[in-house]
Amino acid sequence: QVQLVESGGGLVQPGGSLRLSCAASTSILTINAMGWYRQAPGKERELVATITTGSSSNYADSVKGRFTISRDNAKNTVYLQMNSLKPEDTGVYYCNAPLLGFSYWGQGTQVTVSS
């Protein structure tokens, strides 16, 4: 099994920045593509960004140019650097790890963008 623990969320003003971390209990080199998802109040969970073992990244159109996903294989950790935050970025952010046909999720970390 894979355990994922997110951290780094909090309250930030519009235009501010946060860095989220996702610590995995196993080597992330065994996981083809780690991902970040978010769920805003009253909305469905949506894909934010993914990163492969080859460090290829993909982003939702809504966050391109503002968010950056990265990984530290030695620390088994995936990061999401969020800049120029907007109120619509508010939500619970979840780390995701697909492995051997099963999708693992962290507990989520709350991000609130408000003045």
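When residues of the stretch 86-112 are filtered for being over 20 Å from residue 24 (Cα atoms) and surrounded by fewer than 21 Cβ atoms within 10 Å (Cβ to Cβ), how many remain?
Number satisfying all stated conditions: 5.
Just to verify a result, which residue in the stretch 1-20, among those that are modelled with pLDDT of 95 or more and open to solvent by 80 Å² or more (accessible area, probe 1.4 Å), is farthest from the chain's Cα centre (by Cα)?
Here the residue is 13.
Looking at the stretch 97-106, which of its residues are out of contact with any Leu (no Cβ under 8 Å at 6 or more places or on another chain) and either aliphatic (A, V, I, L, M) or touching a residue at least 40 places away in the same chain (Cβ under 8 Å) (or both)? Walk me through how you get there before you give the answer.
Residues of the stretch 97-106 that are out of contact with any Leu (no Cβ under 8 Å at 6 or more places or on another chain), as a first pass: 98-103.
98, 99, 100 - these are the residues of the stretch 97-106 that are out of contact with any Leu (no Cβ under 8 Å at 6 or more places or on another chain) and either aliphatic (A, V, I, L, M) or touching a residue at least 40 places away in the same chain (Cβ under 8 Å) (or both).
Can you tell me which of 62, 7 is touching a Ser or Thr at 6+ places or on another chain (Cβ under 7 Å) and over 14 Å from residue 96 (Cβ atoms)?
Just a single option satisfies the conditions, and that option is 7.
The values are calculated or read from the model by the stated rules, or taken from the named source; none is laboratory data. The structure displayed is predicted, hence computed values, not measured ones. A quick note on method: Cβ atoms are made from the backbone with ideal geometry, for glycine too, and the neighbour counts reach across all protein chains shown. Ligands, DNA and RNA are excluded from the accessible area calculation, which covers all protein heavy atoms including side chains. Shrake-Rupley method; radii C 1.70, N 1.55, O 1.52, S 1.80 Å.
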